[in-house]
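Have a look at the structure below, then the notes.
The numbers here are math on the coordinates, done by the rules we state, and not lab data. In this text, all values refer to a predicted model and were calculated from it rather than measured experimentally. Glycine gets a Cβ as well: all are built from the backbone with ideal geometry, and neighbour counts include every protein chain shown.
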Amino acid sequence: MRQFFFPLHKYAGLTLGLLLSLIGLTGSLLVFDHALDEKLAPRTVDFKPSAQPASYSEVLAAAREAVPGSEPQRLMTPRGEGSPFVVRFPAPEGAPGPIEVSVSPTDAEVLAVRGWGEYTMTWIYRLHYTLLTGKTGKTVVGFVGLLLMLFCISGLVIWWPRRSRRGGRWKRAFTIKRDGNRFRFYFDLHKVAGIYFLPLLLLTAFSGVTLVFPQQVEAVVGTFLPTEPRPSLPRSRQDTGTPLNPDTIVEIGRGAFPGGELKRIYLPRDAGDSYGLSFRADGEPWRNYGASFVRLDQYSGKVLMVRDVTEIPPGNKVLRWQFPLHNGDALGLFGRWLVLFAGLMPALLFATGVYLWWKKRRPLRRARALKPANA
């Protein structure tokens, strides 16, 4: 088996390792994307604290004035103290993403109007997720994720210690030899870094594949664990009258998740659509992800659907966990740092692998060069 996996691991790595490195490095940058964005665009957090925060209706009204002729689709609540509200509008024709308006949570002042995919961190996100080439690039990234899983499996087979008369084979498999030459050092570094980060690489690869191919992965998970189909979003029972304002809707919606933290407000797209509220419900382990939601009639405020992520079937829970696992949020700050370092691993493994391949290739080239002269 080792004889089969070794050339596959080597040549696939040499061929696609650079692309894997790019995806990994950009993924590492995105682990703390919002914090980095606020550093790169300080105007989005340039507001003074206030004892009387702005209402959701005031935030949306300010955003509408900043983007005349367009209706907002989503309001995202501040990720932390000192962060702004972000209101999303539909993407203009030809734009890579929607318009985002950053609004102060204290006085509803518009802080910035930006196009998603055009400012630094979202450009990096596009590079990571689609290679800047839309759906085609997204599919390529998904297959590269599958390839990374194959790398992990083939690397494990190659790494697996052989029996040795001297003993200590397992200890040597997990350590870097300090008194060896440079080749031996890079060989051990490649081997040890790969095996220590193998679980994380498998986890991030699988979660990434899930985000790119959700329906296919859902079908696979459904063969092993109980799942239920995704529910269709309900519409409002009437399509005339005066819609309730977002503040009233949020007040009603909180009753579905007492103690939950509101993350997003999905605004009705038309007269018959419903409001959607996304919550981080009590008991959800992640911090910045709202996996539970409630849909409400935009005219009466009647609750039309409640989806509590802590009470869904096991298969659906596995699928819901993939996004917060992919960026480390499910494991807190420690998890984010782990995912950041995991994202650096493909570049390290590619660099050390190229070095080992090149050093082994040089003696062969010399031997081939000398052979005709001695013949």
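Taking a sphere under 12 Å around the Cβ of Gly180 and counting the other residues whose Cβ falls inside, with K and R at +1 and D and E at -1, yields a net charge of +3. Going by neighbour counts of Cβ atoms within 10 Å, the residues Asp329, Asp239, Asp297 line up, fewest first, as Asp239, Asp329, Asp297.
Quick check on the exposure proxy: order Trp358, Trp286, Trp123 from fewest to most C-beta atoms within 10 angstrom.
On the way: Trp358 10, Trp286 21, Trp123 16.
Ordered from fewest to most neighbouring Cβ atoms within 10 Å, Trp358, Trp286, Trp123 come out as Trp358, Trp123, Trp286.
Averaging the Cα positions of each part gives two centres, and for the stretch 104-121 and the stretch 296-358 these lie 25 Å apart. Within straight-line reach of Lys10, meaning a Cα separation under 16 Å, sit the following lysines at least 8 residues removed in sequence or on another chain: Lys191, Lys359, Lys360. Once C-alpha pairs closer than 8 Å and six or more residues apart are averaged by separation and normalised to the residue number of the stretch 160-218, the relative contact order reads 20 percent. Taking a straight line from the alpha carbon of Lys135, these lysines sit under 28 Å away, with near neighbours fewer than eight places off in the same chain left out: Lys263, Lys317. Taking other C-beta atoms within 10 Å as the exposure proxy, Glu81, Glu71 rank Glu81, Glu71 from fewest upward.
A simple spin-label model places pseudo-atoms 7 Å from Cα toward Cβ; at Leu233 and Thr133 they are separated by 3.1 nm. In the chain, the DSSP-assigned H stretches of four residues or longer account for a calculated mean residue ellipticity at 222 nm of -17500 deg cm²/dmol, using -39500 (n - 2.57) per stretch and the full residue count as denominator.
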